[in-house]
Each structure stands twice: as C-alpha cells, then as structure tokens.
Amino acid sequence: MLRVVKPKNARSKRAMEAREPKEVEDARTAIFVKGTHTGEVVTKVMKELMSLKRPDAISFSKKNPVRPFEDASSLEFWAAKNDASFFIVGQSTKKRPNGMTFVRTFDGKVLDMCEVGVDKFVSMTEFKTPKAAPGHKPLMHFASELFDTHPRFIQLKSMLMDLFNGEVLEQIHLAGLEHVISVTLGPTPPSLNVATADADSTKDLPPVHIRAYTTRLLASGVRIPRVELTPMGPSLDLTLRRHQAADPEMWKLAMKRPKLRKQDVEKGLGKKRKNLAVDEMGDLRGRVHVAKQDLSRLQTRKMKGLKKGFGEEEGDESAGEEEGEEDANPKRKRVKSG
Amino acid sequence: MDVSDILASQAAKHKSVTVEKDIPLEVDTGFLTVTDLNPIDKESYECAHTVIHSLDTPNPKVPVKTSKNTFSPPRATACKSSSPPSSRSQPNPHPTAPIAQLPTPTTLLPRQKPLPKPKPPTKWEQFARAKGISHKKKDKKEWDEEKQDWVNRWGWGGKNKQVEAQWLTEVPANADIEHDPSKEARDARRTRVAKNEKQHMQNLARAQGPGDRHTPKQENERTLATTRISTASMGKFDKKLEGEKKLRGMKRKFDPAETSVESEKKSNLALLGKLDGESKRPRKAGGGDDTLNVRKAVRFASKGQGGVSLARKAGGASGGQKGRGKR
C-alpha cells in the first residue's frame, strides 16, 4: 500500500485534503488501462470512450500485465495513487477477443467488475457531423425492460451511468446539454423472460448497442423545443462476458447516504416542497393559507354613535348637533342623565 | 375572420414534441437519464440492423421530457431534461441560455469513498453547544475607515498588526522609560497566537482520546518503582521507610500449556538454533579446553587471588622459609 504521508507544505496539504472523502462526491476519475495485448479495435474504442469521459480520464498508454478477474492488486494500487475509482481495462486474447473490463472501486478496493466484448465499432471520425464539446454532461438513455429486471444489465446500467453521469449537480446550463448517449439492448430472448434466468450464464444475453448523438433543438410552436438527434459516434456493439458482482457488505457501505442537514431539508431537498408552483411565465408562485380571522374584535373608526350602551341612555332626545356639544363636555351629560 | 386555417398550417409546420409509450418512461432528472422499459420490438430492431450503422437510423426521433411528462415521437433514443424550473433570479454567466435547477437524483449509485467521519468537536464547540451560542463566521476582510478599503483581518497587511506597524503611537503620561508600544502590541499578538496554538494542540490530543497516555501520578509511581530495584541487591537490603508499601511488580507470565503445533515447533527450533549458534561462536582467548574452564579453575584454586599469587604460593614454600629465616 501507499505510505501515509504527512503534508510538508500548504499546497500538498490542500491536495491531500481534496482527496479526502466528501459528502457530495465529484465525478469518478476513470483510468484507461491497456492490457498485455489490446489490438487495434479496443485501442480505438478506449480512445473514443476517453474522449467522451474527458476531463475526468487518465490514459495508461503503456502495456500492463493486468488481469482484473485474477488479481486486482495493481488496479487498487493505481486507484490509490491516482485518486481514481473507475477502470477500463482493454485486453484482447484468442479466447476473449476485443475485451474490455469495467472495474469500479470503493475506498480503494474493487467493488464490482463487468467484462464486455466489442463486436462492432464505428469511430467518431466516420460520422462527418458536429461533435459535442469535451466536458459537457451527456444525457443518457437506456432502452429495454432488462435494465430493470436482469442483474447483469442492472449492473451495466449502473456502471455506465457512473462512468458518464455519476456526478450530482445542483444546476446545469441548458445550452451545455448537447449530446445523448443511448444504450439499447437487442430484443429480449424468450429464455430471459422466465423468472429463473441464471445471472451467471452469458449465453442468451442480448447484445448491447451504445450510440452517441448530438442534439439539435428545433422550434416546435410550444415552449418545449423539438429535439432531433444526429449520430455523432462512437457506435459500439457489445456482448457481455464475465462479471463479478459486488460483495454485499461492501455494497451496503458504498450505498450509505449522508444524513440530510436541517438547512437542506428546509431548502426542500429532503421532502416535497408544498404550496409552491411555477407559473407559465416561469415565476415561482407560493400559496399562503391564513386561518379565519376574528372580525368581532376588529377596531374600526371610533364614533360616539357606535359606543356601547349609547342608544339606551340617550334615547331619541338628542339630535346630531347636540351630540357634538355633548361630546365636548361628557361631564354635563352624566349630570343630565342622572 | 377565421384564423383556424392559419393556425392549422402553422401547427403542421412543427413536428410534435410528445411521444406515446405503453409504459411511461422512467426519468431521473438529477442524473439526466431516462430509462425506457418497453420491450424492444423484434421486427423494428432487425429492420434497423440492416441499415449500415446497425442501429443508427437515419433520423432517430427524440422523446422530450417535460414537466408535464410528455414525450416526443417513438423509437425512443434520448431524453431531454428541460423540466426543472429555470432560475431567473440567480446570476447567469451566459445570459443567452437559462440555467436549470436539478432535483436530487433518484437512482442510487455507489459512492467512491466512505462517508466522511464527523470531526470531534473542539472544547469551544462543546461549550457553545451547551450554552446555545450559534457560530458566527468572521469575514477574512475587514473595512478600514482610514484607507476606505477592505483589508485583511489577519495575514499579509492584516488589521491585527496595525498598532505595531503604525509610525506614531500615543504614549501614556506615566509610561516607563523603556516603554515600547509597538513591541507591546506585537508581544500581545504573539501571545494570542501561542495560546491559540496550545488550545489547538489540546483539542487534537482530546480528539485522540485517552488512549495509552499516563497521568503524571502514574509516571511518578513507575519511576519510584524503578529506582527501588535499581540498587546492587535489587532493593533487597534497602532500608524500609515507615509506611512504605510493598512493591507490586509485574506478575510472572507463563506460556500456555497447550499451544498449536506450529508455535511449539517454532519456539523449539528457535531454542535449538540458539544452542547451535553457541557452539559455532568463537571461544574467547584463554578459554582453552572445552571440558575445563582454566580461568575459572585458577580463580577457584587461588581463592580469587589470581594466577600470579598461586604461582608465588606454589614456589613460596622455600621462599617463605627464607623470609622466615630473615626474621
């Protein structure tokens, strides 16, 4: 393992503090590792996936004798050294041609792994279309019911989301949303519809198609624009191979969420915000509920005629003018009545 | 005037932005992700696969996610999140496009690192909580009336160094002749820094917990016990003071009678290795024969007087008589 070093100056101290665990984490840094033999296709695929993942990507361009499913110690070492938590290991062998392994780590230890084989690959350069700027957040789209039911595809979806979209953002600049990564499966074979489908066998699993598109917003006559997609590349057809599910204990630790702070709850992160709505003009409107008011004790304009017991004492003896006089001298009034 | 025709022609120009699905899409706006759980249609899939770039249909249509949960045309391929209320009140670096507020994601993804451990509270924080004092964070900058500018509260050109740095300071009438106001201010500041540092260290020590540290009393007792057995007789013939307690030393510890074969083997081998090593060790000069330790024998025979006196004694039978004869 790496030595525990004490920072010697403020700069290295800040750098070490940036690596400490955070409540809300940054995007995962991915390391693209070449195995002992990668082959042309996998090299290209990794290069283009890296261009989608930038700037949170590190390339290991030299060959590395690394076999994630047999010994993950070097991956764990790299994870600690580079503060990375995602690996894409490319390896092409006779038994498993054009293979890529996605490895996710938690706390410097391997969490889960998923190996895929690249069946078909169309590069970005073959699409003569505009490309998305690096560093922009992609929109993601998953199509198939297996992403909800089959453990292999649930894992794949979780991994791909973690790779491209795992960062929690509070707000986003809408002009920066310019590309879509679409993950579609082939039609579900009937054997997978049975509830007793075996998670380990990769025999009947449908192929995975990963496509990337740029978006064009067109006028639609309403507030929401119509979105047209232009293929941007890369296009990948993958098949699932070996995998390693997460250790349940470790998974439980990795899924722990921070407790919501009081101000977050008040801000509306923890619960539903009530009585707030955005109107058609985009203004925030609030509804305020006021309890029924007690109008009986309302203080209105003070007038003699409204005084308590006025009518009983005076009767209809006094006219308007006399009232004015009497107001000025209330003592006399009492004498009169007495 | 009938405008319905104009409206209809206008509407025909625009394609629709809604999409109909058997199962409504699952949208996670926080992660900008949509999941379409409708099963993939086999026919349209195979049809799309015959096209050059497998699934890249020439004009894939996009469902648009809106606040009203409407989606644009079928063969879903993407999602567009424009639903959350775009904020107009907040400062926007690019005034051309709105900024969307994203809700917290609904999909749970594993963390990269464990949750940060809460820091142990400092003594002041404990006190403040007990008293209900709310923390007020001081600004790093402070307003300077003279300069009419914001200056650092501490650090470079800090306001806390103002008195010691100013060129003129009022001196009280009864001041000492060696009174140096700038030095005084500087010393006061230094003391405050030192005090804060000390408190910081104490907080760190407290945060570490009692652990293995000894109290001064324990340390004293330990030193006393060491000195009591540090005489030639290991304290056996020392004078006892009145009321002195008996020394309570370490209890003897025995190895367990039953150990694992491995550890037993290991300890025995270590013992044997030690024996073996002793025979290999070069004997000290004068050791001589293995069976007889000559030095020890000489010492024994001469009753501790040494070899020379023994020789003198041996030859001394005649010499001694000589001596006697002299007398």
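The values are calculated or read from the model by the stated rules, or taken from the named source; none is laboratory data. Since the structure is predicted, the reported quantities are computational estimates derived from the model, not experimental observations. Every residue, glycine among them, receives a Cβ derived from its backbone with ideal geometry; neighbour counts consider all protein chains shown.
Across segment A:130-147, the qualifying residues are those that are of a type in the set (A, V, I, L, M) and within 7 Å of chain B (Cβ to nearest Cβ), and the one among them that is surrounded by the most Cβ atoms within 10 Å (Cβ to Cβ) is A:Leu139. Here is the figure for segment B:1-18: residues that are of a type in the set (Asp, Glu) and either at positive phi or at pLDDT 80 or above (or both) total 1.
Taking the numbered list (1) outside any loop (DSSP other than H, G, I, E, B); (2) more than 9 Å from every other protein chain (Cβ to nearest Cβ) in turn, A:Leu205 passes all entries but (1). Starting from segment A:168-190, take each residue that is without any contact (Cβ under 8 Å) to a residue 40 or more places away in the chain and list its partners that are surrounded by fewer than 16 Cβ atoms within 10 Å (Cβ to Cβ) and in a helix (DSSP H, G or I), counting only C-beta distances under 7 angstrom and pairs at least six apart or across chains. Here the result reads A:Pro187/B:Lys42, each pair linking segment A:168-190 to a residue that is surrounded by fewer than 16 Cβ atoms within 10 Å (Cβ to Cβ) and in a helix (DSSP H, G or I).
Residues being more than 9 Å from chain B (Cβ to nearest Cβ), surrounded by 13 or more Cβ atoms within 10 Å (Cβ to Cβ), at pLDDT below 85 and closer than 23 Å to A:Asn98 by Cβ are entirely absent from segment A:256-268.
Among the numbered criteria (1) over 20 Å from B:Asn203 (Cα atoms); (2) in a loop (DSSP other than H, G, I, E, B), which one does B:Ser134 miss? Among (1) over 20 Å from B:Asn203 (Cα atoms); (2) in a loop (DSSP other than H, G, I, E, B), B:Ser134 violates only (1). If the condition is being of a type in the set (D, E, K, R) and either farther than 19 Å from A:Ser235 by Cβ or free of Cβ contacts under 8 Å to residues at least 24 places away in the same chain (or both), then segment A:147-167 contributes A:Asp148, A:Arg152, A:Asp162, A:Glu167.
Of the residues in segment A:148-181, how many are crowded, with 22+ Cβ neighbours inside 10 Å, of a type outside the set (A, V, I, L, M) and within 7 Å of chain B (Cβ to nearest Cβ)? Matching residues across segment A:148-181 total 3.
Summed over segment B:176-217, residues that are surrounded by 10 or more Cβ atoms within 10 Å (Cβ to Cβ) and under 30 Å from B:Leu247 (Cα atoms) total 2.
For segment A:287-296, the count of residues that are assigned to a loop (DSSP other than H, G, I, E, B), acidic (Asp, Glu) and modelled with pLDDT of 80 or more is at least one. Scan segment A:46-67 and give yes if some residue there is part of a loop (DSSP other than H, G, I, E, B) and free of Cβ contacts under 8 Å to residues at least 12 places away in the same chain, otherwise no. Checked segment A:46-67: no residue is part of a loop (DSSP other than H, G, I, E, B) and free of Cβ contacts under 8 Å to residues at least 12 places away in the same chain.
Check whether at least one residue in segment A:12-22 is surrounded by 12 or more Cβ atoms within 10 Å (Cβ to Cβ), within 13 Å of chain B (Cβ to nearest Cβ), without any contact (Cβ under 8 Å) to a residue 24 or more places away in the chain and within 29 Å of the chain's Cα centre (by Cα), and report yes or no. Yes, segment A:12-22 contains a residue that is surrounded by 12 or more Cβ atoms within 10 Å (Cβ to Cβ), within 13 Å of chain B (Cβ to nearest Cβ), without any contact (Cβ under 8 Å) to a residue 24 or more places away in the chain and within 29 Å of the chain's Cα centre (by Cα). Any idea how many residues of segment A:231-249 are surrounded by fewer than 19 Cβ atoms within 10 Å (Cβ to Cβ) and either within 13 Å of chain B (Cβ to nearest Cβ) or farther than 28 Å from A:Glu126 by Cα (or both)? Qualifying residue count for the region: 6. The condition (being assigned to a loop (DSSP other than H, G, I, E, B), at pLDDT 80 or above and more than 30 Å from B:Gln218 (Cα to Cα)) is satisfied by just one residue among B:Glu262, B:Glu258: B:Glu258.
Close Cβ contacts (under 6 Å, 6 or more residues apart or on different chains) running from residues in segment A:102-115 that are within 11 Å of another protein chain (Cβ to nearest Cβ) and of a type in the set (S, T, N, Q) to residues that are part of a strand (DSSP E or B) and buried (at least 21 other Cβ atoms within 10 Å of the Cβ) comprise A:Thr105/A:Leu111.
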